[in-house]
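The values are calculated or read from the model by the stated rules, or taken from the named source; none is laboratory data. What you see is a predicted model, and the numbers here were worked out from it, not measured in a lab. Cβ coordinates were reconstructed from backbone atoms using ideal geometry, including for glycine residues, and neighbour counts include every protein chain displayed.
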């Protein structure tokens with residue numbers, strides 16, 4: 001009994017422990033990347049090296065562990081992987097590192113928490129959302145389908161349910177697409193690609209293994225098990241860790257305005273997440289009611305069919321009895337006629 005209770009507690013706590021580990025890993029990546037960028041490393045080259053290392057690290061595990069569960073690659077899934085590789089490794093990470101290069105690690109990390117609000121406003125402005133300010137209904141489907149930053153897309157996981165293989169392919173596509181972008185931007189600057197045994201190499205290896213490798217896989221598993229709202233709820237933890245570490249490593253001063261701004265961002269994030277959770281609860285309740293109505297309708301239809309069948313059988317029996325009665329009367333009349341003929 002004790003072992004069963006311990007196993008149950010461990011299974012319930014695993015997603016929380018995994019997310020805390022991911023947030024510490026992401027915070028460490030922000031500090032290490034900021035240090036390398038301050039040393040002159042190109043942010044575009046860092047993106048390429050990061051996802052190239054992640055691809056090399058994840059490929060053997062994907063080949064071994066996803067051998068039996070890896071589905072067949074289709075054109076639709078391949079296009080989704082191309083889109084994911086463009087959105088997350090190329091666009092998101094290049095913009096993220098560029099912003100970090102010209103600001104601070106704390107600011108860059110804090111602004112990541114504004115993403116759900118921007119996505120909601122964009123979708124609402126394009127009339128892709130249903131917004132009821134009284135009931136606080138929010139639908140972040142477009143975030144889940146197109147803009148899921150820092151996590152593997154749950155929509156693609158439904159079509160290609162092999163987390164390691166999907167993560168590896170996204171990193172590979174991101175490496176190829178990111179290399180094209182870096183070559184175009186850096187041009188003939190060969191020195192930007194040079195790397196030595198210093199903070200630049202450590203930043204590429206750390207971000208590739210921890211953030212683009214382990215974190216992507218853990219994120220895919222957590223999203224599949226607990227949903228995107230649970231995943232996004234831990235994002236502010238990274239900002240808090242980065243702010244504390246930056247104050248010691250980079251001697252960043254925590255101004256009152258930064259603290260108030262961070263509180264407002266976190267409050268807005270959790271407000272959106274709360275609305276999303278309420279919307280999911282309403283949708284699940286509606287689906288349950290609909291399924292119950294369908295079940296009740298099916299029962300009524302079966303009862304109607306049975307009644308109809310029973311009525312049809314009764315009519316058949318009644319007709320059959322009438323037919324037998326008519327046949328008996330006809331035979332009796334024939335018999336009477338024959339008897340009358342036999343009487344002299």
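With the requirement that a residue be in contact with a helix residue (DSSP H, G or I) (Cβ under 7 Å, 6 or more places away or on another chain) and not in a helix (DSSP H, G or I), what does the range 159-182 give you?
Here is the first cut: in the range 159-182, the ones in contact with a helix residue (DSSP H, G or I) (Cβ under 7 Å, 6 or more places away or on another chain) are 159-160, 163-175, 177-179, 181-182.
Across the range 159-182, the qualifying residue is only 160.
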### Summary
In the range 160-215, residues that are at pLDDT below 85 and under 32 Å from the mean Cα position of the chain (by Cα) total 12
### Among (1) in a helix (DSSP H, G or I); (2) more than 23 Å from residue 249 (Cα to Cα); (3) in contact (Cβ under 8 Å) with a residue 24 or more places away in the chain - the single one residue 108 does not satisfy
(2)
